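The values are calculated or read from the model by the stated rules, or taken from the named source; none is laboratory data. Please read all numbers here as calculations on a predicted model, not as lab measurements. In this analysis, Cβ positions are derived from the backbone assuming ideal geometry, glycine residues included, and neighbour counts consider all displayed protein chains. Accessible surface areas use protein heavy atoms only, side chains included; no ligands, DNA or RNA. Shrake-Rupley method; radii C 1.70, N 1.55, O 1.52, S 1.80 Å.
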Amino acid sequence: MANEVCFRNMDQDRPWLLEQYRSRGGYEVLARILTEKTPPESIINEVKLSGLRGRGGAGFPTGLKWSFISRNAPGQKYVVCNSDEGEPGTFKDRDVLRYNPHQLIEGMVIAGYAIGATCGYNYIRGEFWEPYERFEAALEEARAAGFLGRDLFGSGFDFELHSHLGAGAYICGEETALLESIEGKKGQPRYKPPFPAHYGLYGRPTIINNTESLASIPVILEKGGEWFKQLGVENSGGTKLFSISGNIKNPGVFEIPLGTPFSELLEMAGGMKNGSKIKAVIPGGSSAPIIPGEQMMKLTMDYDAIAKAGSMLGSGAVIVLDDSNCMVKVLERMSYFYYEESCGQCTPCREGTGWLYRVVHRIETGRGRPEDLALLDDMTTKIAGRTICALGDAAAMPVQGMLRHFRDEFKYHIAHKRCLVG
């Protein structure tokens, strides 16, 4: 059942080319929708039926998000694709852009038709130069073939699509900071409400979806929402791209049905490197709380199972750690990342991420104090839930997870001025 959706063309020689995409029925769904003048409401309902949830991390139902926009509201509306992909450990959207850009383009045009938008932007992470060039080439092919531009398929529907290259700021992965960046402003999150569905890009109604989410749309509408839903499990419909890395033999991106046991995903990645013992797994990108390896081996890869274990599926970035890793050092590196990437707009995040990093760094370098663990506990409660966007939570949750499961390792580090491992 793997490779059914976003990676369904990976067996082709040069799958990013238009001729290869069309050989698998590419743009036929868009043509049918426009020539038959399919009611937009039926498209949105089919996406709702599919159970597709946002693949960028939040997991919000995609069809429900589309329904928030009043299609008949006067004036311009926008479709925005979030290809920023800055979450550490995540590298799946990069491969959609590299190997299946036309499916993303078709998905964005369909989304535009569904909400009444005639213009879209794909915001691509600044470091992704090869994927950016690949997407730009696909846009040129699509325009030349009449799949972008005016009066598509003689339907009277116009849609133009542009790519926008970011500058490497993690905060611009937050949807409203992304909008600010496209507008040429400093990339900082907006207060919500108003939400983008009512006041988005240039103050107009806007939907913002992840790359994988939008690239899934043509297949969902080709084979049916019920088909997609049945690929997964209850409350987690469809397949999902997982970026798996760490102490494993074959890091990579795998498309598997949601609900697949983690043990099977680990086996696909070749198992543990050098036969080492699994110690822990970060299941959804660096902001997701860590889960001990023994517990993770019993879990399935879906939203509910990971949530019940005290973490989140997030972006699908699975980082596997073996028993050679010092958890204090792992947390120090993650805390430094969030400290560096805070935009500084909110005091709890601007000051709190710095405090988190400095205290963890103090423990790692042998200068920790017994009271530092209580201090870390206290600081995370004063950061999480107190900022405009979720970066504060993203900085706090890894600390909370580490102290919940590996507190003894931190105590040892403080008492002995060195790592428990190594």
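Here are the numbers for the structure shown:
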{"quantity": "All positions within the range 228-267 that are over 15 Å from Phe91 (Cα atoms) and free of Cβ contacts under 8 Å to residues at least 24 places away in the same chain", "calculated": "Gln230, Glu264, Glu267"}
{"quantity": "Residues within the range 353-378 that are in a loop (DSSP other than H, G, I, E, B) and either open to solvent by less than 70 Å² (accessible area, probe 1.4 Å) or not acidic (Asp, Glu) (or both), tallied", "calculated": "6"}
{"quantity": "Given (1) touching a helix residue (DSSP H, G or I) at 6+ places or on another chain (Cβ under 6 Å); (2) among the polar types (S, T, N, Q); (3) at pLDDT 95 or above; (4) over 25 Å from Glu234 (Cα atoms), number of the condition Ser50 does not satisfy", "calculated": "(4)"}
{"quantity": "Matching residues, the range 198-207, being outside any strand (DSSP E or B) and in contact with a helix residue (DSSP H, G or I) (Cβ under 7 Å, 6 or more places away or on another chain)", "calculated": "Gly200, Leu201"}
{"quantity": "Cβ-Cβ under 6 Å pairs, at least 6 apart or on other chains, the range 126-143 side under 19 Å from Gly173 (Cα atoms), far side in a helix (DSSP H, G or I)", "calculated": "Phe128/Arg94; Pro131/Arg94; Pro131/Leu97; Pro131/Arg98; Phe135/Leu97; Phe135/Pro101"}
{"quantity": "Selection status of Ser23, of a type in the set (Ser, Thr, Tyr), open to solvent by 60 Å² or more (accessible area, probe 1.4 Å) and farther than 24 Å from Gly285 by Cβ", "calculated": "yes"}
{"quantity": "Helices (runs of 4 or more DSSP H) wholly inside the range 82-151 that include at least 2 residues being farther than 20 Å from Leu17 by Cβ", "calculated": "101-115"}
{"quantity": "Test: Ala73 is modelled with pLDDT under 95 and over 30 Å from Asn247 (Cβ atoms)", "calculated": "yes"}
{"quantity": "Qualifying residue in the range 174-191 (condition: hydrophobic (A, V, I, L, M, F, W, C), on the phi > 0 side of the Ramachandran plot and part of a helix (DSSP H, G or I))", "calculated": "no"}
{"quantity": "Selection within the range 390-410 - over 10 Å from Val328 (Cα atoms), modelled with pLDDT of 95 or more and either over 27 Å from the mean Cα position of the chain (by Cα) or not in a helix (DSSP H, G or I) (or both)", "calculated": "Asp408"}
{"quantity": "Filter result (assigned to a helix (DSSP H, G or I) and open to solvent by less than 30 Å² (accessible area, probe 1.4 Å)) within the range 219-240", "calculated": "Val219, Ile220, Leu221, Gly225, Phe228, Leu231"}
{"quantity": "Helices (runs of 4 or more DSSP H) contained in the range 241-351 and holding at least 3 residues out of contact with any Ser or Thr (no Cβ under 8 Å at 6 or more places or on another chain) and open to solvent by less than 10 Å² (accessible area, probe 1.4 Å)", "calculated": "327-341"}
{"quantity": "Residue satisfying condition, being closer than 23 Å to Ile208 by Cβ, assigned to a loop (DSSP other than H, G, I, E, B) and not β-branched (Val, Ile, Thr), within set Gly63, Gly57, Gly26", "calculated": "Gly57"}
{"quantity": "Qualifying positions in the range 149-161 - open to solvent by less than 10 Å² (accessible area, probe 1.4 Å) and in contact with a strand residue (DSSP E or B) (Cβ under 6 Å, 6 or more places away or on another chain)", "calculated": "Leu161"}
{"quantity": "Some residue of the range 5-23 being in a helix (DSSP H, G or I) and in contact with a strand residue (DSSP E or B) (Cβ under 9 Å, 6 or more places away or on another chain)", "calculated": "no"}
{"quantity": "Residue within the range 223-236 that is over 30 Å from Thr387 (Cβ atoms), of a type in the set (D, E, K, R) and at pLDDT below 95 present", "calculated": "yes"}
{"quantity": "Matching residues in the range 314-353 - criterion: being farther than 22 Å from Thr365 by Cα and acidic (Asp, Glu)", "calculated": "Glu341"}
